[in-house]
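Derivation of every value follows stated rules applied to the coordinates shown; laboratory data play no part. Predicted model only: the values in this text are computed from it and were never measured. Here the Cβ is made from the backbone with ideal geometry for all residues, glycine too, and neighbour counts use every protein chain on show.
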Amino acid sequence: MKLSTKGRYGMKAMFDLALHGGKSPLPLKTIAERQEISEAYLEQLISSLRKAGLVNSVRGSQGGYKLAYPPEEITVGSVIRTLEGSMAPSACVTEEKPLDCKKADSCVIRPIWEKMRESVDNVIDSITLQDMLEDYNNQSQ
């Protein structure tokens, strides 16, 4: 399973907002420069994150973006799923609308895909932006 640039860059942007955001919004340009991401591409990612309710936009000369919730309330899973969709390794085991397969009841591979999806979900849903900040601070000491 491999994340696309959407998921990787989106996580970088969310971490940047958690690390540098605080109470005042961050301009997209600042995040893009710090994370070495194209501003135009970052704008697309932030738009998806805003629509999902994970970030808020603030208009005006002091405007920009900030986290919609405290870092301890935003999981890696919520960010990744917003940008990438389901982390299921096969369409037959997605969370929302599994592919209807005639052989689902007798498929010996499907339980493996389900266990993989559940394992990945458990990991990404157990890590918050706050956990990432703590790891970062511990590495920086």
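For the chain, with only Lys/Arg (+1) and Asp/Glu (-1) charged at the beta-carbon, what is the dipole magnitude about the Cα centre, in debye rounded to 20?
Working: 18 positive and 19 negative charges, 95 e Å.
Roughly 460 debye, rounded to the nearest 20.
Nothing charged except the Cβ atoms of Lys and Arg (+1) and of Asp and Glu (-1): what's the magnitude of the dipole of segment 74-123 about its Cα centre? Round to the nearest 20 debye.
160
Sequence-distant or interchain residues sharing an amide H contact under 5 Å with Val55, placed H: which?
For Val55, whose amide H was placed from the backbone, the distant partners under 5 Å are Arg50, Ala68.
Return the subset of Lys66/Lys115; Lys6/Lys115; Lys2/Lys66; Lys23/Lys51 for which the Cα-Cα distance in this structure is over 31 Å, preserving the input order.
From Lys66/Lys115; Lys6/Lys115; Lys2/Lys66; Lys23/Lys51, over 31 Å: Lys66/Lys115.
Once you list every other residue whose beta carbon is under 14 Å from the beta carbon of Pro71, what net charge do they have if Lys and Arg are +1 and Asp and Glu are -1?
-4
Give me Rg over Rh for segment 1-129, both radii from the alpha carbons and Rh done the Kirkwood way, two decimal places.
Radius of gyration relative to Kirkwood radius: 1.08.
Just tell me which aspartates and glutamates come within less than 20 Å, Cα to Cα, of Lys12; anything on the same chain fewer than 8 places away is out.
The qualifying aspartates and glutamates are Glu33, Glu36, Glu39, Glu43, Glu72, Glu73, Glu84, Asp121, Asp125, Asp131, Glu134, Asp135.
In degrees, nearest 10, range 0 to 90: what is the angle between the Cα axis of helix 39-51 and the longest Cα principal axis of the chain?
Helix 39-51 and the main axis of the chain meet at about 70 degrees.
Give the Debye-formula value of log10 I(q)/I(0) at each listed q (0.13, 0.16, 0.23, 0.25 Å⁻¹), with one equal scatterer per alpha carbon of segment 1-72, two decimals each.
Result of the Debye calculation: -0.32, -0.49, -1.02, -1.21.
With an 8 Å Cα cut-off and a minimum separation of 6 or more residues, compute the relative contact order for the chain in percent.
26
Based only on other Cβ atoms within 10 Å, what is the fewest-to-most ordering of Ile37, Ile109?
Ile109, Ile37
Within 10 Å of each residue's Cβ, count the other Cβ atoms and sort Thr82, Thr5 from fewest upward.
Thr5, Thr82
What do you get for the angle between helix 5-20 and the principal long axis of the chain? Use alpha-carbon atoms, 0 to 90 degrees, nearest ten.
40
For every helix of n ≥ 4 consecutive DSSP H residues, a contribution of -39,500 (n - 2.57) applies; sum these over the chain, divide by its total residues, and give [θ] at 222 nm rounded to the nearest 500 deg cm²/dmol.
The per-residue figure over the chain is -16500 deg cm²/dmol.
So which GluC sites (Glu not before Pro) in segment 51-104 pass both tests, a DSSP loop state and at most 13 other Cβ atoms within 10 Å of the Cβ?
Answer by residue number: Glu95, Glu96.
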